[in-house]
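Chemist: Dropping a structure here in structure tokens format, bear with me for questions.
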Amino acid sequence: MLRKEPDITPALVAEHGLKPDEYARILALIGRTPTFTELGIFSAMWNEHCSYKSSRLHLRKLPTKAPWVIQGPGENAGVIDIGDGLACVFKMESHNHPSFIEPYQGAATGVGGILRDVFTMGARPVACLNLLRFGSPEHAKTRHLVSGVVAGIGGYGNSFGVPTVGGSVNFHTRYDGNILVNAMAVGIARTDEIFYAKATGIGRPIVYLGSKTGRDGIHGATMASAAFEANAEEKRPTVQVGDPFSEKLLLEASLEIMAKGCVVAIQDMGAAGLTSSAVEMGAKGDLGVELDLDKVPCREPGMTAYEMMLSESQERMLMVLWPEKEAEAEAIFRKWGLDFAVIGKTTDTLRFVVKHQGETKVDLPIKELGDEAPLYDRPHVSTPQQAVLAASSVNPPVSTATALLQLIGSPDMCSKRWVWEQYDHLILGNTVQRPGGDAAVIRIGDGPKGLALCTDVTQRYCEADPVQGGRQAVAEAWRNITATGATPLALTDNLNFGNPERPEIMGQFVDCLRGIGEAASALDFPIVSGNVSLYNETQGRGILPTPSIGGVGLIDDVAKSVGVAFARDGDAIILVGDTSGWLGQSMYLWQVCGREEGAPPPVDLVAERRNGDSVRALILSGHVNACHDLSDGGLAIALAEMAMAGCIGAAIDPAPAAVPAHAYWFGEDQARYILASAPQDAQDILDALAKAGAPAVRIGTTGGDSLQLGADAPISIAELASSHEGWLPKFMRGETTI
Amino acid sequence: MRAAVLLFPGLNREGDAMRALEQASGVKPTLVWHAEHDLPSGTDLVVVPGGFSYGDYLRCGAIAGRANIMHAVRAHAERGGLVLGICNGFQILCESGLLPGVLMRNKDLRFVCRMQHLRVERNDTPFTNRYSRQQIIKVCVAHGEGNYVADPETIARLEGEGRVAFRYSDANGELGGEANCNGSINDIAGVYSERMNVLGMMPHSENLIDPMMGGIDGRGLFESLVHAPARAA
């Protein structure tokens with residue numbers, strides 16, 4: 001017996017996250033009251049997560065093109081040409097709200113979703129990365145969230161069989177009620193075998209593949225488009241449950257039918273499930289779509305049209321197949337033990353029609369569902385400029401050695417080994433540079449080419465000055481890739497912000513995007529895919545603005561790549577880039593002095609480009625034995641990391657007279673690198689840098705088992721490592737809070 | 001050497017194992033689907049690679065251990081044929097009864113992926129003839145359930161018969177403590193069958209076959225197999 005559907009009332013409309021003016025827009029569009037299922041569909045298609053209604057206007061301004069870009073934003077993932085007939089397919093996406101509510105499953109399905117985006121385009125995933133932001137270590141939930149999220153990312157990626165090779169983990173009280181879980185996946189495809197969502201041809205079968213549809217995740221995307229109140233945990237039933245085993249089968253089966261030439265168009269069922277995937281395939285191909293829900297494989301009986309259309313059950317795909325290949329495709333899916341059902345067809349009506357048990361539940365104009373989604377030019381105000389903090393106005397509270405030991409063992413700067421040892425980062429046997437360095441480097445197949453991959457953002461810079469913060473996030477990703485010897489090619493972004501209906505938050509968004517765009521243009525580092533996550537706010541308090549950048553670079557021969565570890569005793573240490581001793585918004589100021597203030601370091605994009613291009617050329621010439629970019633914690637932290645990684649110490653000259661010592665060691669001026677080279681090559685390297693106009697100076701020599709900074713007492717590597725490796729395991733065992 | 005690599009749904013290191021086998025032998029191994037009833041004729045070595053067979057949602061390896069193809073693998077082993085199980089493959093061999101014992105959750109209840117030193121206990125087997133006795137090698141581990149457990153009688157028998165293949169150690173060959181990554185009894189990382197023709201091991205030697213990826217200590221396992229006399233009837 002059919003259940004009676006609820007009447008459409010203003011309260012029901014509001015429950016669906018639709019504003020009165022948005023509902024009026026629906027009425028005007030279809031000329032009648034929507035059915036209950038149609039209301040659900042509008043809610044799913046017009047929420048912030050799916051429609052980008054607050055962000056679209058600004059995203060259009062980003063640079064997305066370059067000769068090597070095959071597919072920019074708008075498809076499941078971005079695609080770039082990496083030569084030899086191969087393409088790199090990648091994207092980053094957030095699963096913030098689900099991961100706060102149910103950390104293991106939220107994070108796991110975040111990984112599952114982004115992997116699906118990549119293999120939907122015909123690419124075999126070869127690496128995952130992530131960017132995680134947790135609340136203050138003192139917050140009661142932080143330990144539980146770290147534990148669950150890390151286990152969830154590992155649980156999914158390890159089982160699926162893709163190495164998780166890099167990432168970033170930070171803590172700040174502004175994420176207490178709204179953590180960030182951004183997952184990135186990278187795949188390799190043949191440039192002539194890339195698949196898209198655009199359906200073609202009338203009367204072709206629309207096929208449902210993968211796992212069965214259940215009642216999980218209904219309105220997940222709507223949840224992701226609202227701010228959290230105090231009762232966030234009550235939203236647990238909207239979180240999906242991941243099944244990496246099914247996803248692995250789906251991967252193998254999908255790639256097999258693609259290789260056999262069965263597929264016209266393919267779209268994974270992610271946010272807003274069947275609704276979003278079907279509408280997208282039809283709308284992109286200027287076709288109508290007719291679905292018969294009686295054919296949809298369901299996990300439980302009695303599911304309504306509303307539930308089926310809005311379910312976010314995982315590990316599902318929608319495809320349009322060549323009719324003559326249908327039987328072959330079905331046999332492949334059956335071999336892998338997966339569901340395969342023809343649930344509809346393409347039509348020439350440009351209508352989205354859904355039938356269930358003999359009734360038409362939905363009859364909507366298909367293109368307008370996406371195209372006519374609301375578009376807002378929300379009011380925005382810029383963050384007031386902060387005063388530049390003079391280094392001389394910051395009194396060092398402790399000695400350089402004490403500050404270094406404290407910083408290197410602080411929550412943001414400490415080793416994240418406890419995290420990445422739970423991720424299989426070695427499967428596939430191609431991981432050249434492992435987690436813990438600047439960027440990961442993976443070999444492509446049997447080589448010699450490789451990809452350099454990283455994720456970055458410095459949220460405290462973005463909070464203090466969104467334009468500089470946006471620039472810095474892109475510049476740091478570009479630098480991290482450069483420091484391995486690879487050429488940065490393109491990036492994916494994951495824009496995590498608070499409530500866009502607040503002008504100051506919208507201002508952060510607009511200005512960060514401006515900074516990102518400026519840096520991406522100047523560095524020839526276009527944005528090819530991305531995701532926007534707004535409403536990251538709990539009880540009225542927004543997160544720090546966090547535009548995560550996932551960078552991809554290419555190196556022609558992985559044997560030429562270098563890591564951060566000091567490689568030999570007696571190597572010359574060269575500092576590239578200008579050091580003014582910028583302490584505003586630095587890690588030193590925050591962690592050692594207890595102050596979060598001042599303007600962040602400015603990002604000179606001309607200097608970035610010049611210094612980075614020079615450093616990369618030197619690495620590729622084979623004369624650099626180790627390279628590290630300078631970022632959080634400045635020079636002293638970078639030197640300590642290089643010493644610990646190589647178990648080789650160094651003696652460094654004192655700070656120059658013009659810069660206060662603590663600002664020299666811990667300032668965060670941008671566009672800087674440290675190189676180590678054989679002593680006999682040092683002068684040639686300095687000459688080459690001088691010729692390119694890149695400031696550079698030899699600052700010391702590697703050797704011994706301790707790090708000596710100027711006239712300070714040497715710090716043994718063992719002591720550094722003990723502080724660096726100590727904090728996170730202790731914190732997770734509950735033995736320490738800060 | 002003709003090698004057959006088994007493929008159960010959910011395994012994911014079959015490519016890594018095949019790459020290592022091909023590098024050592026110059027011959028591409030045959031991939032055998034789990035629903036098959038027979039091994040390719042002339043198979044010298046069966047490799048059960050790592051991964052998460054059937055998602056490992058039940059006990060690890062429990063479903064695969066009872067799959068069709070395992071009857072053929074048992075018969076192959078009874079004929080004296082060589083069988084190598086790595087990680088999930090080790091768990092599958094234990095579940096199928098080809099090897100004693102069971103792999104429990106790691107002692108700290110977390111998945112662990114890291115470089116790992118092993119001590120090669122003996123070098124007079126088809127799997128280790130290219131190593132020296134008590135050699136310390138560096139390979140890697142990647143598992144959540146590698147904590148080898150068996151009853152005291154079984155452990156005593158394995159030790160007495162010299163059937164422990166590898167033990168977790170540190171770089172200097174010291175056993176115990178942090179060097180034991182999962183809590184296995186007696187630091188056991190791999191065990192042989194009674195006739196020494198079946199080896200199950202948790203570490204991934206197949207991922208340490210290239211200097212660029214951290215070392216080549218894993219090659220010895222596959223090169224040993226290539227040089228082992230074929231024993232299958």
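The values are calculated or read from the model by the stated rules, or taken from the named source; none is laboratory data. A quick note: this is a predicted structure, and the numbers were derived from the prediction, not measured. FYI the Cβ positions are ideal-geometry reconstructions off the backbone, even for glycines, and counts take in every protein chain you see.
Chemist: Determine which member of the set A:G540, A:G577, A:G633, A:G551 is over 24 Å from the mean Cα position of the chain (by Cα) and under 30 Å from A:I179 (Cβ atoms).
Modeler: Going through A:G540, A:G577, A:G633, A:G551 in turn, the sole match is A:G540.
Chemist: Residue check: is A:G734 in contact with a Phe, Trp or Tyr (Cβ under 9 Å, 6 or more places away or on another chain) and touching a residue at least 40 places away in the same chain (Cβ under 8 Å)?
Modeler: No.
Chemist: Which ones in region A:65-79 are within 17 Å of the chain's Cα centre (by Cα) and at negative phi?
Modeler: A:G72, A:P73, A:E75, A:N76, A:A77, A:G78, A:V79
Chemist: Quickly run through region A:213-272 and pick out the residues that are within 14 Å of chain B (Cβ to nearest Cβ) and either modelled with pLDDT under 65 or in contact with a Pro (Cβ under 9 Å, 6 or more places away or on another chain) (or both).
Modeler: Scanning region A:213-272 gives A:F245, A:K248, A:L249, A:L251, A:E252.
Chemist: When you look at A:E307, is it within 34 Å of the chain's Cα centre (by Cα) and either closer than 21 Å to A:E247 by Cβ or of a type outside the set (A, V, I, L, M, F, W, C) (or both), yes or no?
Modeler: Yes; evaluated as a whole, the condition is true for this residue.
Chemist: In region B:114-224, which strands (runs of 3 or more DSSP E) lie fully inside it and hold 2 or more residues that are farther than 26 Å from B:Q23 by Cα, touching a Gly at 6+ places or on another chain (Cβ under 8 Å) and not hydrophobic (A, V, I, L, M, F, W, C)?
Modeler: Those strands (runs of 3 or more DSSP E) span B:147-149.
Chemist: Right, another one. Does B:G61 qualify as being more than 9 Å from chain A (Cβ to nearest Cβ) and either among the aliphatic types (A, V, I, L, M) or crowded, with 17+ Cβ neighbours inside 10 Å (or both)?
Modeler: yes
Chemist: Checking A:N182 against (1) under 18 Å from the mean Cα position of the chain (by Cα); (2) surrounded by fewer than 24 Cβ atoms within 10 Å (Cβ to Cβ): exactly one of these is not met. Which one?
Modeler: (2)
Chemist: Additional query: Under the condition of being modelled with pLDDT under 95 and of a type in the set (G, A, S), which residue from region A:189-200 is farthest from A:L115 (Cα to Cα)?
Modeler: That would be A:A199.
Chemist: A further question on this structure: Please report, ordered by residue number, the strands (runs of 3 or more DSSP E) entirely within region B:1-101 with at least 3 residues that are in contact with a helix residue (DSSP H, G or I) (Cβ under 6 Å, 6 or more places away or on another chain).
Modeler: B:3-7, B:45-48
Chemist: Right, another one. From (1) touching a helix residue (DSSP H, G or I) at 6+ places or on another chain (Cβ under 9 Å); (2) among the charged types (D, E, K, R); (3) at pLDDT 95 or above; (4) farther than 22 Å from A:E280 by Cα, pick out the condition that doesn't hold for A:D7.
Modeler: (3)
Chemist: State which residue is surrounded by the most Cβ atoms within 10 Å (Cβ to Cβ) when the search covers only region B:104-139 and only residues that are within 12 Å of chain A (Cβ to nearest Cβ) and closer than 23 Å to B:G55 by Cβ.
Modeler: Only one residue fits best here, namely B:C113.
Chemist: Sort out for me the strands (runs of 3 or more DSSP E) sitting completely within region A:621-700 that have 2 or more residues that are surrounded by 21 or more Cβ atoms within 10 Å (Cβ to Cβ) and in contact with an Asp or Glu (Cβ under 9 Å, 6 or more places away or on another chain).
Modeler: Where strands (runs of 3 or more DSSP E) fall fully within region A:621-700 and carry at least 2 residues being surrounded by 21 or more Cβ atoms within 10 Å (Cβ to Cβ) and in contact with an Asp or Glu (Cβ under 9 Å, 6 or more places away or on another chain), they are A:626-629, A:673-677.
Chemist: Quick one: which residue in A:G437, A:G447, A:G409 is more than 10 Å from every other protein chain (Cβ to nearest Cβ) and modelled with pLDDT under 95?
Modeler: Answer to the check: A:G437.
Residues checked against (1) outside any helix (DSSP H, G or I); (2) of a type in the set (V, I, T); (3) surrounded by fewer than 24 Cβ atoms within 10 Å (Cβ to Cβ); (4) more than 14 Å from every other protein chain (Cβ to nearest Cβ):
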{"site": "A:A108", "(1), (2), (3), (4)": "no, no, no, no"}
{"site": "A:V118", "(1), (2), (3), (4)": "no, yes, no, yes"}
{"site": "A:L132", "(1), (2), (3), (4)": "yes, no, no, yes"}
{"site": "A:E138", "(1), (2), (3), (4)": "yes, no, yes, yes"}
{"site": "A:S147", "(1), (2), (3), (4)": "no, no, yes, no"}
{"site": "A:G152", "(1), (2), (3), (4)": "no, no, no, no"}
{"site": "A:G157", "(1), (2), (3), (4)": "no, no, no, no"}
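Chemist: Among the residues of region A:331-341, is there at least one that is away from every other protein chain (no Cβ under 14 Å) and crowded, with 24+ Cβ neighbours inside 10 Å?
Modeler: The answer is no, given that none of the residues of region A:331-341 is away from every other protein chain (no Cβ under 14 Å) and crowded, with 24+ Cβ neighbours inside 10 Å.
Chemist: How do the pairs read when you match residues in region B:163-176 that are on the phi > 0 side of the Ramachandran plot with residues anywhere that are outside any loop (DSSP other than H, G, I, E, B), using Cβ under 8 Å and keeping only pairs 6 or more apart or on different chains?
Modeler: Hits for this filter: B:G173/B:H117; B:G173/B:R119; B:G173/B:I136; B:G176/B:D187.
Chemist: Here's another thing I want to ask about it. For A:R541, all conditions in the list (1) modelled with pLDDT under 95; (2) within 14 Å of chain B (Cβ to nearest Cβ) hold save one; what is the number of the exception?
Modeler: (2)
Chemist: Moving on. Restrict the check to region B:70-91 and report whether at least one residue is surrounded by fewer than 20 Cβ atoms within 10 Å (Cβ to Cβ) and within 14 Å of chain A (Cβ to nearest Cβ).
Modeler: no
Chemist: What residue, among those in region B:13-57 that are in contact with a Gly (Cβ under 6 Å, 6 or more places away or on another chain) and surrounded by fewer than 23 Cβ atoms within 10 Å (Cβ to Cβ), is farthest from the other protein chains (Cβ to nearest Cβ)?
Modeler: The qualifying residue farthest from the other protein chains (Cβ to nearest Cβ) is B:Y54.
Chemist: In region A:412-423, how many are in contact (Cβ under 8 Å) with a residue 40 or more places away in the chain, within 9 Å of chain B (Cβ to nearest Cβ) and in contact with a strand residue (DSSP E or B) (Cβ under 6 Å, 6 or more places away or on another chain)?
Modeler: Of the residues in region A:412-423, 1 are in contact (Cβ under 8 Å) with a residue 40 or more places away in the chain, within 9 Å of chain B (Cβ to nearest Cβ) and in contact with a strand residue (DSSP E or B) (Cβ under 6 Å, 6 or more places away or on another chain).
Chemist: Among the residues of region A:159-199, write down those that are outside any strand (DSSP E or B) and closer than 29 Å to A:D84 by Cβ.
Modeler: A:F160, A:G161, A:V162, A:P163, A:T191, A:D192, A:E193, A:I194, A:F195, A:Y196, A:A197, A:K198
Chemist: Any idea which of (1) on the phi < 0 side of the Ramachandran plot; (2) modelled with pLDDT of 95 or more; (3) within 14 Å of another protein chain (Cβ to nearest Cβ) is the one A:I179 doesn't satisfy?
Modeler: (3)
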